[in-house]
Amino acid sequence: MTGSANDFNEGRMANPCDGFRNAQDIKIFSQLQQERVRGAKMADKHPSEHLIEIQEERQMVKSLADTLSPSDETVEAYNKRMKKREEFASKRKARHDEALDGYHKYVAALADECAAKVEVASENLNSNLNQQDSEIAALLRVMEIDEGDDEGEAILSSKSVEWIDGVYEMVESTIADRRKLIDKFAQSLEDIECAVRKRRIDERLRSLTEELLLAAHADQGSVERIICGLTTEANSVLAENRKEHVELVQKLLTIRCNDEKVSLTERWERGRHAWRTCRHDRAMRGALERIRGPEFQDPPELVRVFDFVKESQTDLLQRRLKILLEIRDLAASDLTGARTQAAMESLIELGDEAEKTYSVQGEAMDRIRCRIEELGRELRDQLVAVIEQIDCRPSWGEHLTAADVADAAVSSELYACYAQLDCMVSKSKEKLCKLEGEQRTRCSRVASLMVEASTALEVMKTQKQNMVTEHDKKLRKHRAEHEAECEANEGELQEYRRSIRDSAHIDPDLEKATMEV
């Protein structure tokens, strides 16, 4: 205990805080402590700074003893002197005992102080370890889900492989940090034993040695034996404490590092398997939902084509109806063959335009159908890549490759989707052709009726004109004949008048009447 600093440093090879590997290390440490005790006994004792005072006091006592003459001393004086001597001896003993008692109290207080420091270090270690436990447990709880916990499965399946690997890296770093914390805790225990307990006990033993020598109750040899005993006792306490500290550190390393690493790694492995299962199921569900969704069942591009075709049908119908209504609303006098023929040609042009438009849109439908098949192949390849990346072999079942798993999951759905699209495109084309044919036929019939009507009107107009001309000719002929007849009648009348006037038996009244006529 009172050995030199070099002796102590040379013995750090058996430092308990560095860890006892076996019983041989403990034996070496015990031998080292015994050598330190023997070295302290054999080492040169440095003179105390109060040595001169002690020697002067002893010389004074010795001179007093030499100058006294028992023969000249009375009994009363002798008894008084002996009483003073006993009182002086008792004071020295009391001072001696007080020094030893003070040392023991100091050692007890120091033990309490060191215990408090150890308690603080232990609490700090527990606090740090508990904080690490809570942090890593929060991450591992995300990876631990119960059956039927849809929300937990959704959260876990949304995590990336980088996040999963990051959790494992955090487990590794947590264990490494925990080892550092335990090593730091072990160093704190060593500092408490060496820098606090050992150093202060050494200082207190040196001061106790001076106090005992000043008390002069025991000679120097007895004081050395007392100090040697106290040193041995202190070394035993230090050795016992270090042994307990080493055992504690080893238990901490075993339980909180090695065992905890195994436990956390097993939890992480189970969580990674659960993550793989969730990711595998999520990938399968995502692929099926995508196939069953509008991207494959109602492709937006195909919907836009159908909307355009619908608008084109409506526009063509309106334009055809407009042409027909214009012809229908014409006055009979304005309904000519040229007008109806122009309308017929316009309808034919609209039909050609519709045929071209529907042909282009049909080709667009075919391209969209091919694009959907390409998307299906891309989806299948992406699913194969994801399945291979996740590598959840237990979920593969009887399939040996990721491609077989993907084909078994989505091939039937994709083929059904392709068949549905083929049927939809084919029926749409047929329906368009049928509707366009019906619309063109009906419009053509109406236009033909209009042409026939215009032709009939023109014939009727010609017949009417001929009838009017013939009527005018007949009327003029009848008028000429009538006028000729009138003139002939007028001549005959004049003849009759002259005959009457020439008659002798003319009646005046009849003549007057004839003249009036």
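Nothing in this text is a laboratory measurement; each read-out follows from the coordinates by a stated rule. What you see is a predicted model; the values in this text were computed from it and never measured. Cβ sites come from the backbone with ideal geometry, for glycine too, and all protein chains shown count toward neighbours.
What is the sum of charges around residue 483, taking Lys and Arg as +1, Asp and Glu as -1, for the other residues whose C-beta is under 13 Å from the C-beta of residue 483?
-1
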If each residue of separation counts as 0.36 nm, what is the full-extension length gain between residue 303 and residue 84 once their alpha-carbon separation is subtracted?
66.3 nm
Extension gain, residue 328 back to residue 141 (0.36 nm per residue minus Cα-Cα distance, nm)
59.2 nm
Which value in nm describes the separation of the simple spin-label points at residue 396 and residue 377, placed 7 Å from the Cα toward the beta carbon?
2.5 nm
Hey, with R₀ at 35 Å, roughly what FRET efficiency would residue 74 and residue 101 work out to, going by the Cβ-Cβ distance, to 0.05?
0.35
Figure the gain on full extension for residue 315 and residue 404 (residue separation times 0.36 nm, minus the Cα-Cα span) and round it to one decimal in nm.
27.0 nm
Two-decimal ratio, the range 167-262, of alpha-carbon radius of gyration to 2.2 N^0.38 Å:
1.66
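Run through the range 391-432 and list the GluC sites (Glu not before Pro) located in a DSSP loop whose Cβ has at most 13 other Cβ atoms within 10 Å.
398
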For 170, 365, which order do you get if you count the other beta carbons within 10 Å of each Cβ and list the fewest first?
170, 365
What GluC sites (Glu not before Pro) does the range 228-270 have in DSSP loop regions with at most 15 other beta carbons within 10 Å?
none
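Kindly state, to the nearest 0.05, the FRET efficiency for residue 219 paired with residue 265, given R0 = 60 Å and r defined as their beta-carbon distance.
So the FRET efficiency works out to roughly 0.35.
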How much FRET efficiency would the formula 1/(1 + (r/R0)^6) give for residue 419 and residue 352, where r is the Cβ-Cβ distance and R0 is 56 Å, rounded to 0.05?
0.95
